[in-house]
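Notes follow the structure.
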Amino acid sequence: MLTQYWKLESRPHVDDVETTIFKTRELLYDTIQRQLISDVPISTLLSGGLDSSGVSAISAEVFRQQNKGIKTFSIDFKESAEHFQATAAHPGLDAPWVEKVVKHIGTEHHRILLDTSDLVDHFLNPLQARDLPSMGDIDVSLYLLFAELKKFATVALSGESADEVFGGYPWFYSETAMSSATFPWNLFAQSKDFNMESILHPEWADKIRPQSYLAERYREALAEVPPLPGENDQEKRIREIFYLTLTRWLPTLLERKDRISMAVGLEVRVPFCDHRLVEYVWNVPWELKNIGGQEKGLLRQAFVGLLPDDVLRRKKSAYPTTQNPAYTHAMVNWITQIIQNPESPILQLIDKDKILSITQRQSKNLTSFNGITYLLGYLIQINEWMGKYKIKIV
């Protein structure tokens, strides 16, 4: 019998601005101090963004008080500056920010530098860790980062979950997301270049009916949201978006990080998932979470004095991905071989002609950074997963 041992509860928030900032900072310090307790070497992940920088700064402070130092780790790609194209998700490179934070907090930093060949050669490793098709290059790079980190430490603290808890994603600020009856991240995952449903074989598109499935799961999720009497429509909708993000989006990321880290024998701890912090911030009104008019404004205020001012103001940047055309070229060649092999299990599911058309367009524009490369990588993963796990379609 399945029982739920914990759930979010909605209550009025009674603390003023100063008290809210103080309690948030206090909870963060206490949680990180607790999670730094270890009888094996411990470290932190550091991207130069607000979340990981704050965790690293507090960790370094705690260790200094114990006359110890702490190692920090980041990831980068060879020739990343040469190939970088700014996007909404990646407005700038991480490396300069990592360097600034390391200098400020005084950690022993290790920069893990990956080449395209590393990503291609180890492309299928995360599939074995997750027992499911993975997220492509971002899973491969995470696997390689953890494998290298494990040579120095057995435990690492991560900034994962701050965006979910404090409201850092773009959909928290989108009028479209506020008014659309679907999971908000789907609105940001859609591409002008393709539609995931459109590449399914017509027979399976009709059987699977992904949009109907998605709509049903969305209705189920909304029915779980604990209401707070007296909220207006906008406040109610923001609470719904937070609930969807915490209970449907975040578990995927946590499962990903846990499986990939444990595949190399590394334990990753996530202070922002401490239940006391989640429960407290859940009931903080949006105008306080968004204080100062910038995403995660409350968290930025809680980190004042710990980080350089420009790091505190830095705009959110997603987990880094390679933009090297050589990687896209490798994905195009790989999926082309799969499509041309009549024994490939994925051919039962997809519209072969549409995929070939996509690969032909992409091969002519390898410098274009878009969702096509991600799609091709995901299809490669599905094909391997179906073959490796002997998935039968009936």
Completion exercise
Counting only residues in segment 1-33 that are surrounded by 10 or more Cβ atoms within 10 Å (Cβ to Cβ) and aromatic (Phe, Trp, Tyr), the one nearest to LYS289 (Cα to Cα) is identified as PHE22
Practice task
Would you check which residues across segment 165-183 are surrounded by fewer than 23 Cβ atoms within 10 Å (Cβ to Cβ) and assigned to a helix (DSSP H, G or I) and list them?
Solution key: PRO170, TRP171, PHE172, TYR173, GLU175, THR176, ALA177, MET178, SER179
Practice task
Scan (1) farther than 23 Å from VAL102 by Cα; (2) outside any loop (DSSP other than H, G, I, E, B); (3) not assigned by TED's automatic domain parsing to the domain that holds GLY371 for the single condition GLU295 breaks and write down its number.
Solution key: (2)
Practice task
Would you be able to say whether some residue in segment 151-161 is without any contact (Cβ under 8 Å) to a residue 24 or more places away in the chain and closer than 30 Å to ARG111 by Cα?
Solution key: yes
Handout entry: Those residues of segment 315-342 which are of a type in the set (Phe, Trp, Tyr) and surrounded by fewer than 21 Cβ atoms within 10 Å (Cβ to Cβ), in sequence order
Key = TYR319, TRP334
Practice task
Say whether the condition of being basic (Lys, Arg), surrounded by 13 or more Cβ atoms within 10 Å (Cβ to Cβ), at negative phi and assigned to a helix (DSSP H, G or I) is met by at least one residue in segment 218-235.
Solution key: no
Fill in the blank from the handout: Counting only residues in segment 343-390 that are acidic (Asp, Glu) and part of a helix (DSSP H, G or I), the one surrounded by the most Cβ atoms within 10 Å (Cβ to Cβ) is identified as GLU384
Practice task
Would you mind finding the one in ALA81, ALA60 that is free of Cβ contacts under 8 Å to residues at least 60 places away in the same chain and more than 25 Å from VAL165 (Cβ to Cβ)?
Solution key: ALA81
Problem - Per-region count, segment 121-137, residues among the small types (Gly, Ala, Ser) and either part of a loop (DSSP other than H, G, I, E, B) or in contact with a strand residue (DSSP E or B) (Cβ under 7 Å, 6 or more places away or on another chain) (or both) - result: 2
Problem - Residue match in segment 86-98 (condition: touching a Gly at 6+ places or on another chain (Cβ under 8 Å), within 12 Å of LEU45 (Cα to Cα) and at pLDDT 95 or above) - result: yes
Practice task
Please name all residue pairs, on different chains or six or more residues apart, with Cβ atoms under 7 Å, provided the first residue is in segment 224-252 and is free of Cβ contacts under 8 Å to residues at least 24 places away in the same chain and of a type in the set (D, E, K, R) and the second residue is in a helix (DSSP H, G or I) and surrounded by fewer than 17 Cβ atoms within 10 Å (Cβ to Cβ).
Solution key: GLU240/LEU222
Completion exercise
Of the listed residues (LEU266, LEU254), the one being modelled with pLDDT of 95 or more and buried (at least 18 other Cβ atoms within 10 Å of the Cβ) is LEU266
Handout entry: Selection within segment 67-105 - in a loop (DSSP other than H, G, I, E, B) and touching a helix residue (DSSP H, G or I) at 6+ places or on another chain (Cβ under 8 Å)
Key = GLY69, ILE70, LYS78, ALA88, LEU93
Completion exercise
Selection from segment 106-115 of residues touching a residue at least 40 places away in the same chain (Cβ under 8 Å) and either assigned to a strand (DSSP E or B) or among the β-branched types (Val, Ile, Thr) (or both) yields THR107, HIS109, HIS110, LEU114
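The values are calculated or read from the model by the stated rules, or taken from the named source; none is laboratory data. Owing to the predicted nature of the structure, the values given are computational and were not obtained by experimental measurement. Note: ideal-geometry Cβ built from the backbone for every residue, glycine included; neighbour counts use all protein chains shown.
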